[in-house]
Amino acid sequence: VLCAEELRLFNHLVERKDLIQIPVYPFERHWTRFTSLHYLDEFAELHGKDVPVREAVAGQVPSAGVGTCFSRRAVLALIEDGKGIAFDVQSLTEDYDIGIRLKTRGLEEAFVRFPVTGARSAAKPICVREYFPDSATTAIRQKARWIVGIVYQGFRTHGWTRSPSLNWFLWRDRKGALTNFISFLASLILLQMLALWLYERFWPDAYHFLSIFEGDAWLSALLLANLCLMGNRMLQRVLFVSSYYGPAQGLLSVPRLFWGNFINFMANGRALRQVIRQGDARRVAWDKTT
């Protein structure tokens, strides 16, 4: 669903910028629909914080596949680069691929959060609205496609650049191949520890287990630091989700974080299996989701 002012914004900037990306804000569903709503959380933080910082530090903006405008210069450069074909037809995330290709050619990219005030609402940025998959199966399929395209195909096609700042963000894109597994396992450990704490505290004559926080000062300090970082991570998500969707959705983003970890864990496993089965990330077939 396009904003009425989107084309006017693109028209204003296209003479100076070669790739213009506006935010994507998924539509809300009933609060119990954790699968579709976890996209809401991720995009609110990605397009509220991560991509603006990426543009400011590295000057590179990944296209979201929607809400993207290309200048004529950009299209001609892509056609030249692809020997007559603008889009990489073997890439499962050609939108992400294009952002890197244009940056390496020295073209200008911009992520634009431009607020407009409606007749009955506060100022909201010009953006794209859409629904995302509402079942775990379709979400896993979609995210597996993203992981294959961004992590495995992206590394194979583009490798690393000469820009340390851009390489830092490429590493952040690709580390999901590892952290999606670790985050899910860490979530299981956290839930297990909470269950044990509740059992010991409220169950009559409960067994008391040896705490992992005892005995090693370095381990205790490391766990405390990790707890603080996790709290900071959750606080940032709450703030960015609340800024667009309100405080209720912001608070609900905390339990959805664990469900999102599960979706990403399963998608990561599916992506890895697809790459291993084909023997080459570039040969993985397109897996369309509604």
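Any idea what the dipole of segment 168-290 comes to, in debye rounded to 20, about its Cα centre with Lys/Arg Cβ at +1 and Asp/Glu Cβ at -1? For segment 168-290, the charge dipole is close to 840 debye. To the nearest 0.05, what FRET efficiency results for Arg201 and Leu239 with a Förster distance of 45 Å applied to their C-beta separation? After rounding, the FRET efficiency stands at 0.90.
Between Leu219 and Val75, the modelled label-to-label distance comes to 6.1 nm, taking each label 7 Å out from Cα in the direction of the beta carbon.
For segment 63-115 versus segment 138-205, the inter-centroid distance based on Cα atoms is 27 Å.
Could you tell me which trypsin sites (Lys or Arg not before Pro) in segment 138-210 are loop residues by DSSP with no more than 16 other beta carbons within 10 angstrom of their beta carbon? Display every interim value, and only then the final one.
On the way: sites: Arg141, Lys143, Arg145, Arg156, Arg162, Arg172, Arg174, Lys175, Arg201; in loops: Arg162, Lys175.
In loop regions of segment 138-210 (DSSP not H, G, I, E or B), the sparsely surrounded trypsin sites (Lys or Arg not before Pro) are Arg162, Lys175.
Give, as ranges by residue number, the residues of segment 92-115 whose backbone N falls under 18 Å from the point 7 Å along Cα→Cβ of Trp160. Inside the label zone: 104. Principal-axis analysis of the Cα atoms of the chain puts helix 176-202 at an angle of about 30° to the longest axis.
Calculate log10 I(q)/I(0) of segment 1-78 for q = 0.11, 0.12, 0.24, 0.27 Å⁻¹, where I(q) comes from the Debye formula with a single equal point scatterer on each Cα and nothing for solvent. Once normalised to I(0) and log-transformed, intensities are -0.36, -0.42, -1.19, -1.31.
The alpha-carbon atoms of segment 121-172, seen along their principal axes, cover 44, 34, 14 angstrom, with the largest extent given first.
With the whole protein complex present, Asp97 retains an accessible surface near 10 Å², based on a 1.4 Å probe.
Give, to the nearest whole percent, the P(r) tail of segment 72-117 beyond 16 angstrom, counting all Cα pairs. Summing the P(r) tail past 16 Å for segment 72-117 gives 42 percent. Mind checking which of Tyr207, Phe181, Gln142 is farthest towards the positive end of the chain's charge dipole, using Cβ charges of +1 (Lys, Arg) and -1 (Asp, Glu) about the Cα centre? The Cα lying farthest towards the positive end belongs to Gln142. Computed log10 I(q)/I(0) for segment 43-166 at 0.18 Å⁻¹: -1.13, from the Debye equation with unit scatterers placed on every C-alpha and solvent omitted.
Whole-Å semi-axes of segment 183-271's equivalent ellipsoid, largest first, each the root of 5 times a Cα gyration tensor eigenvalue? Mind dumping the intermediate values first?
Details: eigenvalues 155, 57, 53 Å².
Calculated on Cα positions only, the semi-axes equal 28, 17, 16 Å.
Axis of helix 34-45 versus longest Cα principal axis of the chain: the two differ by about 60°, to the nearest ten degrees. Which residue, Ser63, Ser135, Ser211, tops the fluctuation ranking in a GNM of the chain built on C-alpha contacts under 10 Å? Of the options given, Ser211 has the highest mean-square fluctuation.
Only helical DSSP H runs with n ≥ 4 go in: add -39500 (n - 2.57) per run for the chain, normalise by residue count and round the 222 nm mean residue ellipticity to 500 deg cm²/dmol.
Working: 11 runs with 165 residues, N = 290.
Taking each H run of at least 4 residues, the total per residue is -18500 deg cm²/dmol.
In loop segments of segment 14-90 as defined by DSSP, there are no chymotrypsin sites (Phe, Trp or Tyr not before Pro) with at most 10 further C-beta atoms inside 10 Å of their C-beta. A Gaussian network model of the chain, with springs between Cα atoms under 10 Å, assigns the largest mean-square fluctuation among Asn264, Asn180, Asn226 to Asn226.
According to the Kirkwood relation over distinct C-alpha pairs, the hydrodynamic radius of the chain is 21.1 Å. In this simple spin-label approximation, Phe27 and Arg277 carry label points 7 Å from Cα along the Cα→Cβ vector, and these lie 3.2 nm apart.
Under the combined filter of DSSP loop state and at most 10 neighbouring Cβ atoms within 10 Å, segment 208-290 retains these trypsin sites (Lys or Arg not before Pro): Lys288. Entry note, the chain: relative contact order of 25 percent, from Cα contacts under 8 Å with a spacing of 6+ residues.
Taking a probe of 1.4 Å, how large is the accessible area per residue of segment 154-264, in Å²?
Solvent-accessible surface per residue comes out at 70 Å².
The values are calculated or read from the model by the stated rules, or taken from the named source; none is laboratory data. The model shown is predicted, which means the values in this text are computed figures rather than measured ones. Heads up, the Cβs are rebuilt from the backbone with ideal geometry, glycines too, and the neighbour counts pull from every protein chain shown. To get the accessible areas, we keep the full protein, side chains included, count just its heavy atoms, and leave off ligands, DNA and RNA. Shrake-Rupley method; radii C 1.70, N 1.55, O 1.52, S 1.80 Å.
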